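Here is the structure we will look at, set down as structure tokens.
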Amino acid sequence: MKTLGYYNGEYGPLEQMRVPMNDRVCFFGDGVYEATTVENHIPYALDEHLQRMERSAAKLEIPLPMELQALRETLLEMTAKLDSGSSQLYWQLTRGTAPRTHAFPKDARPNLWITLRPFSMRDPSLSYGLLSVPDTRYFHCDVKTLNLIPNVMAAERAARAGCEEAVFHRDGMVTEGSHSNMHILKNGVLQTAPLSNLILPGITRAQLLKLAREMGVPVLEKAFTLQEMFQADEAFFTSASAFCCRASTLDGKPIGGKDEALLSALRNAYLDKFRKETSAVNPYLEKRP
Ligand code: PDD
């Protein structure tokens with residue numbers, strides 16, 4: 001298959017899949033999601049993404065439709081069905097299917113959606129423009145819910161300004177990107193906002209901080225300002241699909257470019273880990289017809 005859509009056990013080409021209008025995601029965005037990059041038919045950091053989904057679902061009191069291990073197997077099985085070994089794996093869990101009422105419908109059973117699309121990695125040597133946007137989101141940004149309107153609006157504003165990503169800030173304090181975590185390098189220190197209800201605990205962020213510590217790079221988990229971003233040696237953003245992207249402008253003004261060696265070392269360490277861990281064999285590949 002070139003693309004794949006899955007809904008509660010049924011699957012087929014993504015473009016041909018149909019879902020019930022009464023899935024609560026249509027009315028309320030009532031669900032949680034995850035996304036990761038697949039290489040060699042192996043979804044990267046799958047366990048970390050599954051654990052975060054379990055935490056997000058627990059916060060919304062959405063029960064998992066199956067054990068985490070069974071969900072893992074389903075995702076691996078679906079990943080093996082795609083022709084391309086390089087893809088974007090996305091899955092979401094919605095509260096259930098019922099006529100529209102705000103409170104949880106009784107006896108709702110969660111719906112599992114999975115999508116897979118071919119994907120090619122960005123050239124890691126590229127650098128990108130950023131646009132600062134006031135962070136008008138609510139105070140549950142640590143939960144990976146489907147309520148993404150402020151993120152969508154910010155991403156569109158950035159795109160219209162010819163930028164790759166928006167930098168959310170609350171009164172000048174940077175929180176994160178519209179779909180990434182933001183970081184700076186200053187005097188050899190990797191600085192990033194601390195985990196709180198104001199940011200998503202990014203899997204890429206966590207892995208990068210761990211790698212930095214192993215490499216002896218000091219890490220400071222303290223929020224920085226837009227001003228500090230302008231004065232940083234490097235500024236960059238991370239996500240499961242973008243990996244580790246260097247920023248070259250913020251609001252049209254040049255930033256960073258003063259510690260490319262350290263940024264490259266961190267990015268290469270991340271890419272090495274990615275390549276190593278995606279060199280395993282997906283057991284479901286052998287069962288393909
Ligand atoms: N977004 N912050 C936000 C608001 C995000 O949406 C994302 C990821 C991240 C980075 O998290 P991670 O490293 O676990 O991907 C931070 C995904 C890629 C998306 O919405 O498509």
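The values are calculated or read from the model by the stated rules, or taken from the named source; none is laboratory data. Given the structure is predicted, the values throughout are model-derived calculations rather than measurements. Note that we place each Cβ from the backbone using ideal geometry, even for glycine, and neighbour counts take in every protein chain shown. Remember, those area values only see protein heavy atoms, side chains included, never the ligands or the DNA or RNA. Shrake-Rupley method; radii C 1.70, N 1.55, O 1.52, S 1.80 Å.
Before moving on, here are some points about what is shown:
- 5 angstrom amide H check on residue 176, placed H, neighbours 5+ away: 168
- Rg to Rh, two decimals, where the stretch 1-94 supplies the alpha carbon set and Rh follows Kirkwood: 0.95
- For the stretch 4-118, relative contact order (Cα pairs under 8 Å, six or more residues apart, normalised by length) works out to 38 percent.
- Evaluated with a Cβ-only charge set (Lys, Arg +1; Asp, Glu -1), the stretch 149-239 carries a dipole of roughly 140 debye about its Cα centre, given to the nearest 20.
- Stretching the chain fully between residue 55 and residue 187 yields a gain of 44.0 nm (0.36 nm per residue, less the alpha carbon separation).
- Highest mobility in the GNM of the chain, judged by mean-square fluctuation with C-alpha springs under 10 Å and restricted to 67, 48, 234, is found for 67.
- Dipole of the chain, positive direction: furthest Cα of 183, 11, 75, with charges on the beta-carbon: 11
- Rounded Å value of the spacing that divides the Cα centres of the stretch 1-67 and the stretch 157-203: 25 Å
- When DSSP beta bridges are restricted to pairs lying wholly in the stretch 127-275, around 60% turn out antiparallel.
- Partner lysines whose Cα lies under 23 Å from the Cα of residue 106, excluding those fewer than 8 positions away in the same chain, are identified as 59.
- Area accessible to solvent at residue 149, 1.4 Å probe radius, in Å²: 110 Å²
- Per-residue ³J(HN,Hα) for the stretch 5-18, Karplus 6.51 cos²θ - 1.76 cosθ + 1.60, θ = phi - 60°, Hz, x for Gly and Pro: x, 9, 9, 6, x, 8, 8, x, x, 3, 5, 9, 6, 10
- Protection proxy ranking of 92-98, 278-284 - average other beta-carbon atoms within 10 Å, highest first: 92-98, 278-284
- Other residues lying with their Cβ under 14 Å from the Cβ of residue 10 contribute a combined charge of 0, Lys and Arg counting +1, Asp and Glu -1.
- For the stretch 4-118, the per residue solvent-accessible surface stands at 47 Å², with DNA, RNA and ligands left out and a 1.4 Å probe.
- Of the Cα atoms belonging to the chain, the radius of gyration and Dmax stand at 19.5, 57 Å.
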